[in-house]
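What follows is a set of notes on a single structure, which appears directly below.
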Amino acid sequence: NLSTAAALEEIRSARSRGQRNIFCGTCPQYLLLDELEYFQGEKRALFCAAAPPLRTASDAEALWEALASGEIDVVLSNHRA
């Protein structure tokens, strides 16, 4: 699951080198929340626990752009039963 622009660049790099069958996804929390959520109060921080942790607003923007362009294949919940 991609959570940073840097990880997205690794995907782009591999694809540009001709690597085949590279699929990537991200989760809603990396699109909709950023690291500032951790500073919104104690209860809010508990809600925002994520692994990997929430990233910067610019990371989220890069992920949105990649999703819109089709570079990100899927948005998934990452829940486990």
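FYI, it's all coordinate maths here, none of it is from the lab. A quick note: this is a predicted structure, and the numbers were derived from the prediction, not measured. Cβ placement follows ideal geometry from the backbone for every residue including glycine, while neighbour counts extend to all protein chains displayed.
Annotation: amide H of ILE72 within the under-5 Å range of LEU67, sequence separation 5 or more or interchain, hydrogens built in the peptide plane.
The peptide list 54-60, 24-30, put in order of mean Cβ contacts within 10 Å with the highest first, becomes 24-30, 54-60. Distances between placed amide hydrogens fall under 5 Å for THR56 paired with GLU35, all partners being 5 or more residues away or on another chain. Computed 3J(HN,Hα) for region 50-60, one whole-Hz value per residue from the Karplus formula 6.51 cos²θ - 1.76 cosθ + 1.60 where θ = phi - 60°, is 8, 9, x, x, 4, 10, 7, 4, 5, 5, 4, glycine and proline marked x.
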